[in-house]
């Protein structure tokens, strides 16, 4: 048995950046041959928008071009290396988090090819099936049923596949901006399925770009009302900071390192082995700075989003998860395992006690919990 670790980086993020993301820090810190433990194999894919040409970087960053290729590469790695009994760990940041979640959804929706299945050139069929599968409320066509049955003969059985840990940093939608190609990415399945045993997400309290709508896991219910993913252990924790303060990539990395250490600690409890000294090398002493991601261009886009909201020209999630320019920490009874990091909660409490300005969306959340008869103190995640 071995551990397979898949690391999907965020938009415009790559392994040779001067200030790397938490995804690259995790990939670098994996202990590949731990003493007395399982062998660990790491796969890393850079984020969309890291192509060789300026056009590739612009189109990839703005419209998500390259997202499909990243999912296919990760799926192929898993198919080539997986054996029944292996533990799979999947990490992602930003659109890389979307990639990670879609990869997990793909293995559930169509299955995972065996190495022999890859040798039979079935990878193209995998992509076609994933893209062409019916929506949950649709009946599959006879042609789709036949194609999936044929494909299943080249796959591991459902019982053989388990995602031990899925850890994501501030998942945003496939594109992150309203764009011409949004329809193209609707086939991705980023819901949480029962194949995932442990799921963790770190979210950014202070991100204000409406085009960066947080993609929060929700409980999935069947037609009879029962939970379809009830066995998954889920935590979604809100931390201080904007998008990159959570996933990493700024020179001042104190906030993102705090999030990184929390995520790594959660994964270690599931069997991931980390070289602590190597992990520490990637962390620098710096002030606890909440950055400002709301540049002039994004202010204009926010204004357009608010102005055109009534015409529903922007993604529903970008409207539902925001009040004005502030993210809503929780807005549905189906939102799952939502909590706030202890440091963020403490600083909000201290500011409120002193009558100073504080994160208004945290105040909204505390009020929302009270209105629903929920105890806010039970939603504080201890983060050292």
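The values are calculated or read from the model by the stated rules, or taken from the named source; none is laboratory data. All values reported here derive from a predicted model rather than from experimental measurement. Don't worry about glycine lacking a Cβ; one is built from the backbone with ideal geometry, like all the others, and counts go over all protein chains shown.
Flag not set for residue 170, criterion: more than 20 Å from residue 234 (Cβ to Cβ), in the same structural domain as residue 45 (by the TED database) and at pLDDT 90 or above. Contact annotation: residue pairs with Cβ atoms under 8 Å, 6 or more positions apart or on different chains, pairing a residue in region 83-99 that is on the phi > 0 side of the Ramachandran plot with a partner that is in a strand (DSSP E or B) and at pLDDT 95 or above, are 94/169.
For region 296-314, does any single residue satisfy the condition of being at pLDDT below 75, touching a strand residue (DSSP E or B) at 6+ places or on another chain (Cβ under 9 Å) and not assigned by the TED database to the domain that holds residue 246?
Of all residues in region 296-314, those at pLDDT below 75 come to 308-314.
Subsequent filtering for residues that are touching a strand residue (DSSP E or B) at 6+ places or on another chain (Cβ under 9 Å) retains none.
Among the residues of region 296-314, not one is at pLDDT below 75, touching a strand residue (DSSP E or B) at 6+ places or on another chain (Cβ under 9 Å) and not assigned by the TED database to the domain that holds residue 246, which makes the answer no.
For region 364-384, enumerate the residues that are exposed (fewer than 13 other Cβ atoms within 10 Å of the Cβ) and in contact (Cβ under 8 Å) with a residue 12 or more places away in the chain. Across region 364-384, the qualifying residues are 372, 382, 384. Checking the structure you have, find out if any residue of region 119-127 is modelled with pLDDT of 90 or more, crowded, with 23+ Cβ neighbours inside 10 Å and part of a helix (DSSP H, G or I). Yes: one or more hits.
Does region 209-219 contain any residue that is at positive phi, assigned by the TED database to the domain that holds residue 22 and outside any helix (DSSP H, G or I)? Please lay out each step first, then the result.
In the first step, residues of region 209-219 are kept if they are at positive phi; the result is none.
No, region 209-219 has no match at all.
For residue 40, work out the one condition from (1) out of contact with any helix residue (DSSP H, G or I) (no Cβ under 7 Å at 6 or more places or on another chain); (2) at pLDDT below 90 it doesn't fulfil. Tallying (1) out of contact with any helix residue (DSSP H, G or I) (no Cβ under 7 Å at 6 or more places or on another chain); (2) at pLDDT below 90, residue 40 fails exactly one: (2). Inside region 228-244, can you point out the residues that are over 22 Å from residue 382 (Cβ atoms), assigned to a loop (DSSP other than H, G, I, E, B) and either under 16 Å from the mean Cα position of the chain (by Cα) or outside the structural domain of residue 138 (by the TED database) (or both)? Correct list: 242 only. Only residues that are closer than 25 Å to residue 221 by Cβ, touching a helix residue (DSSP H, G or I) at 6+ places or on another chain (Cβ under 9 Å) and in a helix (DSSP H, G or I) were counted in region 133-154, giving 2.
Taking the options 61, 51, 47, name whichever one is buried (at least 18 other Cβ atoms within 10 Å of the Cβ), more than 14 Å from the chain's Cα centre (by Cα), closer than 27 Å to residue 251 by Cβ and modelled with pLDDT under 90. Even if it seems obvious, please write down each step before you answer.
Numbers: 51 fails: buried (at least 18 other Cβ atoms within 10 Å of the Cβ); 47 fails: more than 14 Å from the chain's Cα centre (by Cα).
Only one candidate qualifies: 61.
Filtered by the rule that a residue be out of contact with any helix residue (DSSP H, G or I) (no Cβ under 6 Å at 6 or more places or on another chain) and more than 30 Å from residue 208 (Cβ to Cβ), region 162-173 gives 162, 164.
Could we say that residue 225 is crowded, with 23+ Cβ neighbours inside 10 Å and assigned to a loop (DSSP other than H, G, I, E, B) here?
Taking the combined requirement at face value, the residue does not satisfy it.
Of the residues screened, residue 207 is not one that is surrounded by fewer than 18 Cβ atoms within 10 Å (Cβ to Cβ), within 30 Å of residue 12 (Cβ to Cβ) and touching a residue at least 12 places away in the same chain (Cβ under 8 Å).
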